[in-house]
Amino acid sequence: MAHFMKKALQLTPNQLLYQQKRYRGKINIKKPKIYYKKRVLNELLTPFFVNPNKDKTLEQFCVESQDVQVEKELGPYDQIIAREVRNWFDNSKMIGCLHVNSIKQLDVFDIRVALFRQNMHYKYYGPHIIKHVIKNSHYEALAPLVSRYTSFVFSPAINTIALQKIMKKSKKMFILGGVLEGQVLNYDDFLKYGEMDIVTTQLGLVQTLQNAGGLNLNRQFTHHQTTLVTRLGQIGTNETTSNDKK
């Protein structure tokens, strides 16, 4: 009896019944129906002024922003910084141009210390200051590389090997090019000429010229001058002898 009462009082599970029902009209996916409240909200949010940048592309925005930065006049403080930057450019034999990605200041500090130990100085300045400094100078070729992600390394001596080793330790800094003794060079030439020893290169050039001249290069260069001096000496000797005989 208890068993039958338990079954009778047991709750029946809820069962969901599914039945397919055809919708009367087709749903317009491209142009869905807009209800009254949403239509009113769209009307209120519709801008009523003319957008001056409606038909402009992203390239035009970038070019205009660069022109504004170049033509922007420097303030008194920026002029002081610009003189400092020009002093770094004029008194450094090696200037490395770096592209710096997003990096922590602690990692930048480590790079500064490593460069300072090699007598190199890491500097970052605003792009408008750098472009103002290099404008109408022999550093103007660096202008395409200058952006807010560009930093510079200044050194009184040429030491590209140490600079390259330090940059390889950092995964966020890359050498774009640089300036060696006042000449702007790209990445390959910057590293190539920076690794050269001037004294060794000059000795190699002299040796090559001597070999090309058959070890008589000096004699070949001074042949005509020596011949002229000898002839003039002979003429002078003959005239002196003839005068003595008279």
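Worth pointing out:
- Using a simple spin-label model with pseudo-atoms 7 Å out from Cα toward Cβ, Gln234 and Ser151 lie 7.3 nm apart.
- Length added when fully stretched, Thr46-Ser137, from 0.36 nm per residue minus Cα-Cα: 27.7 nm
- For the range 140-154, Karplus couplings with θ = phi - 60° (6.51, -1.76, 1.60), whole Hz, Gly/Pro x: 5, 5, 7, 4, x, 8, 7, 8, 6, 9, 9, 10, 10, 10, 10
- Of the cross-linked pairs Lys104/Lys169; Lys93/Lys168; Lys165/Lys192; Lys104/Lys172; Lys93/Lys172; Lys93/Lys123, those separated by over 18 Å at the C-alpha level are Lys93/Lys168; Lys93/Lys172.
- Cβ-Cβ FRET estimate between Phe61 and Met196, R0 fixed at 45 Å, reported to 0.05: 0.55
Readers should treat all values here as calculations from the given coordinates under stated rules, not as data from a laboratory. Not measured: the values here are computed from a predicted model. Reconstructed Cβ throughout: ideal geometry from the backbone, glycine too, with neighbour counts over all protein chains shown.
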